[in-house]
1. Filter region 138-178 for residues that are surrounded by 16 or more Cβ atoms within 10 Å (Cβ to Cβ) and not hydrophobic (A, V, I, L, M, F, W, C) and give the result.
2. Check GLU92 against each of (1) touching a strand residue (DSSP E or B) at 6+ places or on another chain (Cβ under 7 Å); (2) not assigned by TED's automatic domain parsing to the domain that holds ARG111 and name the one condition it does not meet.
3. State which residue is farthest from GLU220 (Cα to Cα) when the search covers only region 166-183 and only residues that are part of a loop (DSSP other than H, G, I, E, B) and in contact with a Leu (Cβ under 9 Å, 6 or more places away or on another chain).
4. Anything in region 62-84 that is over 16 Å from PRO49 (Cα atoms) and either among the aliphatic types (A, V, I, L, M) or touching a residue at least 60 places away in the same chain (Cβ under 8 Å) (or both)? List them, or say none.
5. Of (1) at pLDDT 95 or above; (2) touching a Pro at 6+ places or on another chain (Cβ under 9 Å), ALA181 satisfies all except one. Which?
6. Which pairs do you get when a residue that is under 13 Å from ASP8 (Cα atoms), found in region 229-250, comes within reach of a residue that is hydroxyl-bearing (Ser, Thr, Tyr) and surrounded by fewer than 16 Cβ atoms within 10 Å (Cβ to Cβ), reach meaning Cβ atoms under 8 angstrom, with the pair 6+ apart or on two chains?
7. Taking interchain pairs and intrachain pairs at least six residues apart, which have beta carbon atoms under 7 angstrom, with the first residue in region 167-179 and touching a residue at least 40 places away in the same chain (Cβ under 8 Å) and the second assigned to a helix (DSSP H, G or I) and crowded, with 16+ Cβ neighbours inside 10 Å?
8. With the condition kept exactly as written, say whether any residue in region 77-88 is modelled with pLDDT under 95, within 18 Å of the chain's Cα centre (by Cα), surrounded by fewer than 16 Cβ atoms within 10 Å (Cβ to Cβ) and part of a helix (DSSP H, G or I).
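The values are calculated or read from the model by the stated rules, or taken from the named source; none is laboratory data. Model, not experiment: these values are computed from the prediction. A quick note on method: Cβ atoms are made from the backbone with ideal geometry, for glycine too, and the neighbour counts reach across all protein chains shown.
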Amino acid sequence: MATQPFSDELVDRLAHARHIAVLTGAGISAESGIPTFRDPGGLWQQFKPEELANVNAFVRNPQLVQAWYLHRRKLALETMPNPGHQALVALEERVPDFLLITQNVDNLHQRAGSKKIAELHGNITRSYCIDCGREANDAAMEPAASGSIALCSACGGYIRPDVVWFGEMLPQDAIREANDAARRAEVFLSIGTSAVVYPAAGLPLTARQGGAYVAEINVEASAIARYIDEVVLGKAGIVLPALLDAIQKR
């Protein structure tokens, strides 16, 4: 019989912790089939992400950028949460103080049922006016699907996706909430992230400095692996359900 890939100490700490923080990156979404930022196919191979995911590109060619994000949004909505997402929902339900911090914009955690979420990079299912800030509904984006520019019904401004673009600051409320949770955490899980993009990559280290037991779950060791307590190699969709099962048996 195969042995579990994680330690008994991690299971025990998770089973008894009252304060848990979790950071997720692209790896957990990739297991659901979400294409990477540079997903292959068609028109979009002609562009670098930096040419489409910044405000200057948007102002120069709003219809092109809107169409690209509609394409990405469609792919996200056609994808289903995987067992890794679902295991995190079950873990949240066990813990009084839990925060899921995600770098993903695909809304899969929310669709799985996670409630306490800090979105560091926004959410591709939301849009807003670049001029007046008014939130735009799905109907407002329909012109972009037919080759026109989607405009705000209130002021006529361009509508953009509610995601963080290159050169933009991360939402300060989400960063503050994430840092506070990391400092409070008794256990911190870093899942499916390469830990090279800051400030998100610093959160596991903040938790470690605060006394948390820090473990990462990844298909390969990240850039911060040598600084944390435990590295569990494997897919989140396999490891997390097994970890949850072990916790429930404690």
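1. The initial filter retains those residues of region 138-178 that are surrounded by 16 or more Cβ atoms within 10 Å (Cβ to Cβ), namely 140-141, 144, 150-152, 157-165, 170-171, 174-175, 177-178.
Within region 138-178, GLY157, TYR158, ARG160, PRO161, ASP162, PRO171, GLU177 meet the criteria.
2. It is condition (2) that GLU92 fails.
3. Initial filter on region 166-183 (part of a loop (DSSP other than H, G, I, E, B)): 166-171.
Checking the rest, the ones that are also in contact with a Leu (Cβ under 9 Å, 6 or more places away or on another chain) come to 170-171.
Values: LEU170: 26, PRO171: 29 Å.
In this case the residue turns out to be PRO171.
4. Initially, region 62-84 is screened for residues over 16 Å from PRO49 (Cα atoms), giving 74-84.
Across region 62-84, the qualifying residues are LEU75, ALA76, LEU77, MET80, ASN82, PRO83, GLY84.
5. All conditions pass for ALA181, except number (2).
6. GLU230/SER7
7. Partner pairs satisfying both residue conditions: ALA178/LEU203.
8. yes
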